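**Q** Please read through the structure below; I'll follow up with questions.
The values are calculated or read from the model by the stated rules, or taken from the named source; none is laboratory data. This structure is a prediction, so every number in the text was calculated from the model and none was measured. Cβ placement follows ideal geometry from the backbone for every residue including glycine, while neighbour counts extend to all protein chains displayed. These area figures cover heavy atoms from the full protein model, side chains too; ligands, DNA and RNA do not enter into them. Shrake-Rupley method; radii C 1.70, N 1.55, O 1.52, S 1.80 Å.
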Amino acid sequence: MFKKILIANRGEIANRIIKACSELDIISVAIYSEADKNALHVRRADEAYFIGPSPANESYLNKEKIIDLAKKIGADAIHPGYGFLSENSEFIRMVEEAGITFIGPSSQSVKMMGEKTSARRLMKSHNVPIVPGTTEPIKNVEEGKKSAAEIGYPVMLKAAAGGGGKGMRKILNEDDFESSYSQAKNEALKAFGNDDVYLEKFIENPKHIEVQILADKFGNYIHLFERECSIQRRHQKVIEEAPSISVDDSTRKKITTAAVNAAKACSYYNAGTIEFLMDKKKDFYFLEMNTRLQVEHPVTEMITGVDIVKLQIKIASCERLTLKQEDLKIHGHAIECRIYAEDVDNNFAPSTGKIIHHKLTSGPGIRIDYGIDLMSQVSIYYDSMLAKVIAWGIDRDEAIVRIMRALSEYQISGVITNTPSFTWMLKQKTFLDGTFDINFLENEFFPLLPGKWKDGSTNDAEEIAAVLGALLKLQERGTTLSNNQITNNNQWRKQQYD
Ligand code: MV4
């Protein structure tokens, strides 16, 4: 087993990985940028090293610097978390060439799934249903029009090098084809440095269903059932659940089998997720594979009892999966709400500032994964997700009342968050009866903005009292925590907390 793991990430996921290291008795190493000097992951890791200026390009995305540091401090392995370098096949290659283990899939698997048309060909040849469409990039307008007519309008143009919704375009009819085609190619070139695009049939009002898989380095594959992730805004997930209320036993059997086949097709190891669109007839189609740990992994952990991050580490260190598919059962239901620092009433503008009050909640079935605490800075440099509130219940109804209760108790001050908006979402008929799809927020929530959705009670008085108390304490001390106290944060931690 590894002795020391460098965590090439920040925020809640860095903290989540630190917890896994701690339970496995592995030394956790944080890296941090200028903006993250007061960040929680820096305080919680066993060691922490300054890596560079706030812009991610100069810190969390600096491949050479991260690998050099890992070598210098004797880290056996690097956990990339999600985002940043997690799906960068070049980085994986560099890490392994440096003699360090990457906690994730092979560079080749990531590359195979990153190019969407070759991924579609691979899926097709391994009995994974793909969205009807082309499996090679479109060569010119004429060829594209011909394919689109065969597929049947409306169609979607997608970037072959894309993913996550970037460089996507819906085309309603042949008259719009030419202009959409050249725009899509332009966008793809700008975003990915590659202007290949391909066509898919447009699937009307589908759900986003994804399947968590795990595989070891000896060819053993299991799945951990599905997650329902249809509630998104601009390709950012907001609420996730496991299992999906819309997946029946027979569909579950088919979609999880397809997901395991997808993983086998690219000789995958470690944790991965296969994304599908599922239509009203419960036909499902492969969208893409996420070759990393995902934000929403906790809902799967809650219903299966499996610690996905610990298994990632064990798999990376060449342990065999001892967990058998037949041992896995869905137990109850879990829901996750993502807490973003954003002003829902002001067009979801990111909210920045110092966290001056953070009061967690607990109670039956509640878990909060968070990356902030008192004095941490919420800046414009990184993703605005601060925390995730996760609730488990014996059934969906219990998970819903528990997460409502937890959200009403959870307090963050210093930045504006989207927390109150969940009160509205979780009460909607289409959410409660499960008939929502990927258009839920766009169709039902946005028309109400601004202001009219607010119907939850808040804990203003209690929050204000807590904040005033904290400010008074700081005043009494005649101080605040200043940045230069924390340059050598090992030292600093000792001074502050011993
Ligand atoms: C689609 C689609 C409809 N038809 N493909 C968006 C993210 C990217 N991974 C794929 N996406 C979509 N692909 C076809 N052929 C609709 C979407 C889509 C979507 C998918 C999942 C969750 C939310 C979404 C929001 C808008 C569009």
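**Q** Tell me which of these residue 103 doesn't satisfy, since it passes every other one: (1) under 20 Å from residue 290 (Cα atoms); (2) within 14 Å of the ligand (Cβ to nearest atom).
**A** All conditions are met except number (2).
**Q** Would you mind telling me which numbered condition in (1) of a type outside the set (Val, Ile, Thr); (2) open to solvent by 50 Å² or more (accessible area, probe 1.4 Å); (3) closer than 22 Å to residue 42 by Cβ residue 340 fails?
**A** (2)
**Q** Follow-up. Quick check: anything in the stretch 11-30 under 22 Å from residue 299 (Cβ atoms), within 21 Å of the chain's Cα centre (by Cα), among the charged types (D, E, K, R) and open to solvent by less than 40 Å² (accessible area, probe 1.4 Å)?
**A** Checked against the condition, which is being under 22 Å from residue 299 (Cβ atoms), within 21 Å of the chain's Cα centre (by Cα), among the charged types (D, E, K, R) and open to solvent by less than 40 Å² (accessible area, probe 1.4 Å), the stretch 11-30 yields at least one hit.
**Q** Out of all the residues in the stretch 144-167, which are surrounded by 20 or more Cβ atoms within 10 Å (Cβ to Cβ), away from the ligand (no atom under 12 Å from the Cβ) and under 16 Å from residue 130 (Cβ atoms)?
**A** 160
**Q** Give the residue, chosen from 14, 35, 30, 70, that is touching a Gly at 6+ places or on another chain (Cβ under 7 Å) and either without any contact (Cβ under 8 Å) to a residue 12 or more places away in the chain or in the same structural domain as residue 97 (by TED's automatic domain parsing) (or both).
**A** Details: 35 fails: touching a Gly at 6+ places or on another chain (Cβ under 7 Å); 30 fails: touching a Gly at 6+ places or on another chain (Cβ under 7 Å); 70 fails: touching a Gly at 6+ places or on another chain (Cβ under 7 Å).
After applying the criteria, what remains is 14.
**Q** Just give me the residues in the stretch 270-286 being surrounded by fewer than 23 Cβ atoms within 10 Å (Cβ to Cβ) and in contact with a Leu (Cβ under 7 Å, 6 or more places away or on another chain), in sequence order.
**A** Listed by number, the residues that qualify are 275, 277, 285.
**Q** Any chance you could count how many residues in the stretch 419-460 are small (Gly, Ala, Ser) and at pLDDT 85 or above?
**A** Looking only at the stretch 419-460, we keep the residues that are small (Gly, Ala, Ser), and these are 421, 434, 451, 456-457.
Next, from what is left, pick out any that are at pLDDT 85 or above: 421, 434.
Qualifying residue count, the stretch 419-460: 2.
**Q** Please find, within the stretch 373-412, the residue that is most open to solvent (accessible area, probe 1.4 Å) out of those that are among the charged types (D, E, K, R) and not in a loop (DSSP other than H, G, I, E, B). Walk me through how you get there before you give the answer.
**A** Of the stretch 373-412, the ones among the charged types (D, E, K, R) are 373, 383, 388, 395-398, 402, 405, 409.
Imposing the further condition that a residue be not in a loop (DSSP other than H, G, I, E, B) reduces the set to 388, 396-398, 402, 405, 409.
Details: 388: 0, 396: 25, 397: 111, 398: 56, 402: 44, 405: 69, 409: 74 Å².
Result: 397.
**Q** Which of the residues spanning the stretch 187-225 are part of a loop (DSSP other than H, G, I, E, B) and among the aliphatic types (A, V, I, L, M)? Steps first, please.
**A** Within the stretch 187-225, the subset part of a loop (DSSP other than H, G, I, E, B) is 193-196, 202-206, 216-220.
Scanning the stretch 187-225 gives a single hit, 203.
**Q** For the stretch 53-84, how many residues meet the condition of being part of a helix (DSSP H, G or I) and either under 13 Å from residue 28 (Cα atoms) or open to solvent by less than 60 Å² (accessible area, probe 1.4 Å) (or both)? Break it down stepwise before answering.
**A** Step one: list which residues in the stretch 53-84 are part of a helix (DSSP H, G or I), which gives 56-58, 63-73.
Remaining after also requiring either under 13 Å from residue 28 (Cα atoms) or open to solvent by less than 60 Å² (accessible area, probe 1.4 Å) (or both): 56, 63, 66-67, 69-70, 73.
Adding up the residues that qualify gives 7.
**Q** Would you say residue 87 is acidic (Asp, Glu) and not in a helix (DSSP H, G or I)?
**A** Working: acidic (Asp, Glu): yes; not in a helix (DSSP H, G or I): yes.
Spelling it out, residue 87 is indeed acidic (Asp, Glu) and not in a helix (DSSP H, G or I).
**Q** Report yes if residue 256 is more than 16 Å from the ligand (Cβ to nearest atom), without any contact (Cβ under 8 Å) to a residue 60 or more places away in the chain and buried (at least 21 other Cβ atoms within 10 Å of the Cβ), otherwise no.
**A** yes
**Q** Just to be sure before I move on: is residue 250 in the same structural domain as residue 338 (by TED's automatic domain parsing) and either within 14 Å of the ligand (Cβ to nearest atom) or among the basic types (Lys, Arg) (or both) in the structure I sent? Give the derivation first.
**A** Working: in the same structural domain as residue 338 (by TED's automatic domain parsing): yes; either within 14 Å of the ligand (Cβ to nearest atom) or among the basic types (Lys, Arg) (or both): no.
Judged against the criteria, residue 250 is not a match.
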